Every structure is written in structure tokens, then in C-alpha cells.
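Worksheet: the structure to be examined is printed underneath.
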Amino acid sequence: MTLIPELTILQPADKEQIDLPHTSEEELAVGKKRLYIESYGCQMNFADSEIVAAVMRNAGFATTSSAEDADLIFLNTCAIRDNAEQKVRNRLKHLTGLKRQKPELLVGMLGCMAERLKTKLLEEEKVVDIVAGPDAYRDIPKLVEEAESGQKAVNVFLSREETYADISPIRLNSNGVTAFISIMRGCDNMCSFCVVPFTRGRERSRDPHSIVREAQDLFDRGYREVTLLGQNVDSYKWNDELRMMNDAQQSDQTNSSLDFAGLLEMVAQIHPDLRVRFSTSHPKDITDDVLHTMARYDNICNYIHLPAQSGNSRVLKLMNRTYDRPWYMDKIRSIRRILGNDCGISTDMISGFCTETEEEHQESLSLMDFVRYDYAYMFAYSERPGTLAAKKYADDIPEDVKKRRLNEIIAKQLEHSAERNQRHIGQVQRVLIEGTSKRSEDFLCGRNDQNKMVVFPKGEYQKGQYVNVLVTECTSATLRGEVI
Ligand code: SAH
Ligand code: SF4
Ligand code: F3S
């Protein structure tokens, strides 16, 4: 899953943020209780907040974009690295001040940090009234009621079935053009460094019909791009037969099973003007079938986020990634063979994992040289309590060494991003306009097929339109040009 992390590097979305109109729901707020939601972590959490907003609207709450105006504040939290949790703890200090001025204010902790710490959070952070894990969001109105009556309220039950398939999300801070759709939840991989399997539970896929319905509805409302989200989208699996047995229903539909390539195709067929993206692909699971499907449909974007984590086979084994360096390189070759050199590829990299030697770190750098990624999300290893790595291996690389290795990875990526952006100069790129450039009212911005932010003079164009932009210059983060 692509992160919206504490340390975001070279992610065009952050360099060129677009205008975020207040949600129309705010207008409905008169006389209603107001909810303010703040999201941390990955896109999955941002998508979940939109489900929470929908659940709360049914319970009579309106959303607001101001914490100061709210009767109820939710922090949808991330636990992926220690600094992600520290950030939330600092925010809670601020909310303690707010609550002193407004004692009836309720504060809820949702998401992965809530799931990880459970009732311990209530002991450690007195300002918190409600704790709800990622599978407990239907229960939140009840938890709020309990909290209103003066009790602390907790639900951190993890489900094997919950996908919130029937809940139509309320798009928060939306640009009205691009949206996330969760296609699955949880993760069954046990990467040794990772807390996600513990905070989000077992992997389960969402009913494809509800996914297509959601995408179609977005398209009908003027959205032009959907990103299908899952921790490992390539292991998406849906079996109609199973579902019908579960429902004990009669149906004349064929009993077939659907994989990610099939789902991708169903969504791509909604309309040629609806762009389809997805994240995250796992190197062990991505299939040629998915790559061929991408090649067949112009509206499936030519961009794959394929986190390597390390370029060394021994470290990958300790990480329990279940692929090695040659396997990963083969996947890159398949992408280049089927989709060409034009396909954008990005990665996640971790520096200083347990016992990583200097030579092994060099192999991460040489893998990057081999692939030449368009972007990378890069992190220093942060030990997470309860994970396999925390139990089995010493976190033995000193912080300064982790940082230095991380800086080398970042420097390498800066070079490659610049090089990968430069190749677009002189090319005409199809751009979906997302809004006004953050830096200037006179410029618009949007992404090309490979997920790169492109900035160009406004002219008569509007968000939601596709335009052809001749790229004339670039930085390591953004392309610039003019509509032709
Ligand atoms: N499902 C995705 C990753 C989700 S977490 C995948 O398999 O690729 C996003 C990224 O955070 C990971 O890819 C990893 O690079 C990073 N990450 C996860 N746990 C970490 C830890 N303990 N320390 C540092 N980085 C971590
Ligand atoms: Fe974490 Fe690995 Fe699952 Fe990604 S695939 S969420 S890194 S356990
Ligand atoms: Fe996402 Fe952070 Fe949870 S990365 S899955 S919000 S631990």
C-alpha cells in the first residue's frame, strides 16, 4: 500500500497538493453534532475514514473540517513505525488543551495504533474516550453513545468477514476527480518487520459487484480515476460459489472465481474515460496475467508500486518477504517485456534491518540501479513490538548507520527520479486535471499515466478534463509543460 507517511519523499501528490474544498456535508451541519476526522498512515486509512464518515452520518453526525468546531474528534491512526505513533501522541497533547476549554468534547482513536494498543491507550492517554479498531467501525455510533454517558468505550474485535462492502463512503477532502476504493482488507503475509497483520487481521476480499457499483457511481458523479486498494492486491480472490453458499441463495449466475486480473478488467470496462490505478502489488504474487490486462486497456494506468524492501536475498529471507533478489529482478524484466520501459515503477525500501551488513546495503543500492525507479518511499527500520522480527532478531544496526544508509538510498533515488522524469521532456502526456497548482492560481496540475504530477498554465481548462501536455521541463518531483 502506498503510504502517506511521516517521511514522504518524491511523491508528487505531496509536492503539488491541490485545492481541497470543504465537504458539502458541512452545509448540513446546522443543528447536528459535528465530527472532525484526521487520518494518518496509508491510503487504506484515508479510505476507512470515508467509511466512518458514512456510518456517522447515518447516526446523525455531520463532518466538519475544523477540529475547533467539532463535538467529536477522531484520529484514524497508523502504527507502522514508531514515529507514526509519536506524531499521534503529540496531537493528543494538543487535544488535551482543547478538551480543557470544552469538557463535553469526545476524542476517539481509530485505526492501527488503536488496534495495537487496545485498552492500554485509555490508561496512557487520559484524553481518549473511544478506542475502535479497523473492523469495528459499524459499532462506532454505539461506542459514542457509551462515551456520551461518561464511560470509556472500546471495540478492537478483528473480523474475518468485514469488508464494509455495503457502505457507500462519504468522500472527505475530495477533489471530485480521483477516489480510493478498498477491494480487500487485512494481510495474510507475515513480513517479519510489519505490524499490519496484527492491526488489520486476516486477509479478505470484497464482493466484486459492490466494487464495480462503487466505481460506476463515482464515474456517474464526475470522478475520472479510481485507485483500487489492498495490502496485496494480487492475492484478491472472490468466489461466487462460496458467497452463494454463505447466503443460501438461488442464483443463475455462473459459479466462477475471480482473481485480481479479472477484477481489474471489470473495473476498466466501466468506461474508457475512467482511469484505473491500484496499490500495492506484492512481488511474490503479481502475475503476467495482470500485466497483460494492463497492456490491453489504455485506461489502466501504466504504473506499478512494487515494494522491494531490500536488494539482498539474505535480508529478504529474514524479512520473510518470500522472494529473493533474482525473483524480484525477473518480475521487473516481465514488466519491461510486457509493458515496455515506459511503465512507471516505484518501491518501498527499508534501511538498516536487523543484521544488515554494509555489503547487503550496497545490494539495495545496486538493485535500485538495475530497476531505475520512478519514485520510492524510503524508511529507516523501526522495530515494532510483537512482530516476528522483534521476537527473533536484535535491532542491532545503530541509528546513525540506519540514517546514513537511508540517506544514500534517498540520494540514489533523487538521481533516478530526475532521470526518469527527464525522459518525458519533449513527449506529449495525457493528463487528468485534478485542480489548481498549490504554488500558483494560474496553473493547473494533474497526473500522467505513470502517476507523475504535471503542472501547466491554466488556460480555459477545468479539473476532471483530460488534456495533452507537451512536457518542456522537470524537477525530480514534477513535470512542467503546456497544453497542445
Ligand atoms: N503491503 C505493503 C506495505 C504496507 S506498509 C507491501 O507489502 O509492500 C508500507 C511500507 O512501510 C512497507 O512497504 C515498508 O517499506 C514500510 N515499513 C513497514 N514496517 C516497517 C518498519 N517496521 N520499519 C520501517 N519501515 C516499515
Ligand atoms: Fe506488511 Fe508484508 Fe502485509 Fe505488506 S505484505 S502489509 S509489508 S505483512
Ligand atoms: Fe496503513 Fe499504518 Fe495501518 S500504514 S495499514 S495505517 S499501520
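Odds and ends about this structure:
- When the surface is traced with a 1.4 Å probe over the full set of protein chains, residue 190 keeps roughly 80 Å² accessible.
- Tensor-based shape of segment 48-114 (alpha-carbon gyration tensor, a/c under 1.5 rounded, otherwise prolate or oblate): oblate
- Ranked order, 484, 397 - accessible area, probe 1.4 Å, largest first: 484, 397
- Amide H contacts of residue 444 (H built 1.01 Å from N, under 5 Å, at least 5 apart or other chain): 437, 456, 458
- Using a cut-off of 26 Å between Cα atoms, the listed pairs 87/458; 402/438; 142/391; 120/142; 33/99 include 87/458; 402/438; 142/391 as exceeding that distance.
- Cα→Cβ-extended label distance, 7 Å offset, between residue 146 and residue 324, nm: 5.0 nm
- Our note on the geometry: Cα centres of segment 404-481 and segment 63-105, 34 Å apart.
- Residues with amide H under 5 Å from that of residue 423, placed H, sequence gap 5 or more: none
- Averaging the Cα positions of each part gives two centres, and for segment 378-401 and segment 198-236 these lie 32 Å apart.
- The chain: C-alpha gyration tensor shape, a/c 1.5 cut-off, then a/b vs b/c: rounded
- Mean ellipticity per residue at 222 nm, deg cm²/dmol - from DSSP H runs of n ≥ 4 across the chain, formula -39500 (n - 2.57): -10500 deg cm²/dmol
- Within the full protein context, the accessible area of residue 357 is estimated at about 50 Å² for a probe radius of 1.4 Å.
- Restricting segment 304-361 to chymotrypsin sites (Phe, Trp or Tyr not before Pro) in coil, as DSSP defines it, with at most 14 other Cβ within 10 Å: none
- Solvent exposure ordering (accessible area, 1.4 Å, most first) of 324, 139: 324, 139
The values are calculated or read from the model by the stated rules, or taken from the named source; none is laboratory data. Predicted, not measured: the structure shown is a model, and the values here were computed from it. Heads up, the Cβs are rebuilt from the backbone with ideal geometry, glycines too, and the neighbour counts pull from every protein chain shown. When the accessible area is computed, the model is the full protein with side chains, heavy atoms only, and any ligands, DNA or RNA have been set aside. Shrake-Rupley method; radii C 1.70, N 1.55, O 1.52, S 1.80 Å.
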